[in-house]
Amino acid sequence: MRTLYIEANKTLRSKKFMGLLITALLITYALPFPLVSEFMESYGRVKEILRLMEKENDAITCHSVFNSNPEFFGSHGMRCDETYYRPNETTVSCCGMSVYRDTYWEYLHASSEMREKIPLMVIFSVWAFLAQLAFSYALVDAAVELAREGEKRTLESIAAGLKALPALIAAEVLTFIFVLIALILLAIPIAILGPFGSFIAGIIATPAFALVVPAYYFTRNVGVVEKIWRVARSNPCGYFTLGLGLSIVDVFLILQYKYYMGALTLLLLLSLGAVRYVINSLGALWVYWETSPEEEIEGEI
C-alpha cells in the first residue's frame, strides 16, 4: 500500500495550488491575449463570410436549376430561399462556389487582414505551449508536495518548472515522433471513421503528451515513451478517459477561435484553460501515479 496518495479535493482546495493555477492562467492566456485577439477577430470574420458565401452559393445554384425549367420544377414543389438571392447581381467563382462579387471582395479583404496577423498567432501558440509545459510541471510539483505535506513555496515550484522546461521540450518532441508513428499505422481505420476519426486520434494522442510531465517529473529522463506506453497498456481506462477529457476541452477551445466575442472570449479561454490545466496536471499525475509501481514512485520522490 502506498504511503502517498493524491487527494483531488484536498489539492483543489489548497490555496497554494489554486494560486499557482491562477498565475498559470494569467500568464498563459490573459497576458498574451492582446496579441491573439486581433487574429481571432479576423479569423472569426473570415469564417462568418465563408458561411455567407455558402448560403449565397446554395441560393444561386437553386435558382439556376429552377430557372432552367420553372414550370417543371414548380409543379414538383421545388422552392428556393430568397433571403440570399440577389437577381441581376454579378457573380464570381471562389472556393468552389458561386458568390456575389461584393461578398467575394469582402472575403479577400478579411483574408488579407487575417494573414497579416498570423505571426502574432504563431508567437501566442509558442508562448502558450511553453507556458503550459512549465506550469503543468509546477502544478504536478505542487500536488506531490501537498501529498507529502511538504513546505515548498509557489515560486519554488514555478522555478522548478522553468528549470525543467528544456528537458520537457525534448521529451515532448520524442513523444510526438512516437505518437506520429502510431497515428500513421492507424491512419486507415481512423480515416474510415471520417470526421469522428479526428476526435478518436485526439483521444489517442493527447494523453501521451499530458503524461510527459509526470513521467519526466518522476524519472528525470527525457525518454519517457516507454513509461507512457506502460500506462496505456496497464491502465487503458485511465489513459483514454484522460484523452477524452482533454479532447472535449480542446474542441471547445478551438471554437473560441472561430467565434470571437471580445472580452467574453477571454473569460471562456480562462475557464476552459483552467479545466485543461487541471486535467493536464492533476489528472495526468493521478493516471500515472495509479499505474506506476509503488517502489518507483516512492524511490523517485
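The values are calculated or read from the model by the stated rules, or taken from the named source; none is laboratory data. Bear in mind the structure is a predicted one, so any value in this text is a computation, not a measurement. With ideal geometry, Cβ positions are generated from the backbone for all residues, glycine too; neighbour counts draw on all protein chains shown. Quick note on the areas: whole protein, heavy atoms, side chains included, nothing else; ligands and nucleic acids left out. Shrake-Rupley method; radii C 1.70, N 1.55, O 1.52, S 1.80 Å.
A few notes on this one:
- Point-to-point label distance, Asn221-Glu290, nm (Cα→Cβ direction, 7 Å offset): 2.5
- Model label points for Arg51 and Phe252, set 7 angstrom from Cα along the Cα-to-Cβ axis, are 1.9 nm apart.
- Label-point separation, Ser198 to Arg115 (7 Å along Cα→Cβ), nm: 2.2
- A Stokes-Einstein calculation at 10 °C with viscosity 1.306 mPa s, built on the Kirkwood radius of segment 36-163 over Cα pairs, returns a diffusion coefficient of 83 µm²/s.
- Excluding ligands, DNA and RNA, the accessible surface per residue across segment 47-171 is 58 Å² with a 1.4 Å probe.
- Shape call, segment 226-265: gyration tensor on alpha carbons, a/c limit 1.5: prolate
- Each residue of segment 233-241 is assigned a 3J(HN,Hα), and the resulting list reads 6, 8, 9, x, 4, x, 4, 7, 5 Hz, derived from the Karplus form 6.51 cos²θ - 1.76 cosθ + 1.60 (θ = phi - 60°), x at Gly and Pro.
- Length gained when the stretch Leu183-Arg230 is fully extended (0.36 nm per residue, less Cα-Cα span): 15.2 nm
- The Stokes-Einstein estimate for the chain, based on a Kirkwood radius over Cα pairs and taken at 25 °C with 0.890 mPa s viscosity, is a diffusion coefficient of 110 µm²/s.
- Tensor-based shape of segment 136-233 (alpha-carbon gyration tensor, a/c under 1.5 rounded, otherwise prolate or oblate): prolate
- A 1.4 Å probe run over the protein chains yields, for segment 182-235, 50 Å² of accessible area per residue, whole-number rounding.
- Annotation: extensible slack from Val122 through Phe176 equals 17.5 nm (criterion: 0.36 nm per residue apart, minus Cα-Cα distance).
- Surface composition of segment 186-269: carbon and sulfur atoms hold 75% of the protein heavy-atom accessible area at a 1.4 Å probe.
- Additional length obtainable on full extension of the chain from Met261 to Tyr85, 0.36 nm per residue less Cα span: 60.5 nm
- Prolate/oblate/rounded label for segment 178-266 (Cα gyration tensor, a/c 1.5): oblate
- Partners for Lys15 among lysines (Cα-Cα distance below 29 Å; same-chain residues under 8 apart left out): Lys152, Lys163
- Straight Cα distances below 28 angstrom link Lys117 to the lysines Lys47, Lys55, Lys258, with same-chain residues fewer than 8 positions distant left out.
- Cα-based helix-to-principal-axis angle, 195-219 vs the chain, degrees rounded to 10: 20
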